[in-house]
């Protein structure tokens, strides 16, 4: 009889151990997915910002037209790379003088709590490129 009681107690202990460990394991697993998702969103946002800055800098157009084309390109890349994943996306193109600066901000829904407090909910990527244009004499003053 003692062996039956002992095995029942061991079974109950293992169930309690599983009930304690399983939520912790799932929280860590989903947290790892959130970290990987944030890294992926960062890379897509950075690629969109770099491509948009490169496009705006190489355009032989007014600063406003180049900024409009670059913003459209960045939004297209974000839509292709992230689809409906982000909560919101924002693209700012600043063309001041000889440089073009593109800032891409993406807000992603968190999978686990405390993501916004850790700074993983909102991703920002910045890229800067020099505008290309013809300079007579190679840019040197005579």
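Subtracting the Cα-Cα distance of residue 118 and residue 64 from their residue separation scaled by 0.36 nm leaves 15.8 nm. Normalised by the number of residues in the range 1-137, the mean separation of alpha-carbon contacts (under 8 Å, six or more apart) gives a relative contact order of 27 percent.
Please give the contour-minus-distance gain from residue 85 to residue 111: 0.36 nm per residue of separation, less the Cα-Cα distance, rounded to one decimal in nm. Let's see the in-between values first.
Working: separation 26, 0.36 × 26 = 9.36 nm, distance 1.16 nm.
Length gained, residue 85 through residue 111: 8.2 nm.
Entry note, the chain: the mean residue ellipticity at 222 nm calculated from DSSP H runs of n ≥ 4, each adding -39500 (n - 2.57), is -20500 deg cm²/dmol after division by the residues and rounding to the nearest 500. The stretch between residue 18 and residue 43 holds 5.3 nm of extra length on full extension. This uses 0.36 nm per residue minus the Cα-Cα distance. Put a dot 7 Å past the Cα of residue 33, heading toward its Cβ, do the same for residue 72, and the two dots end up 3.7 nm apart.
The numbers here are math on the coordinates, done by the rules we state, and not lab data. Here the structure is a predicted model, which is why all the values come from computation and not from measurement. Glycine also receives a Cβ, built like all others from the backbone with ideal geometry; neighbour counts cover every protein chain displayed.
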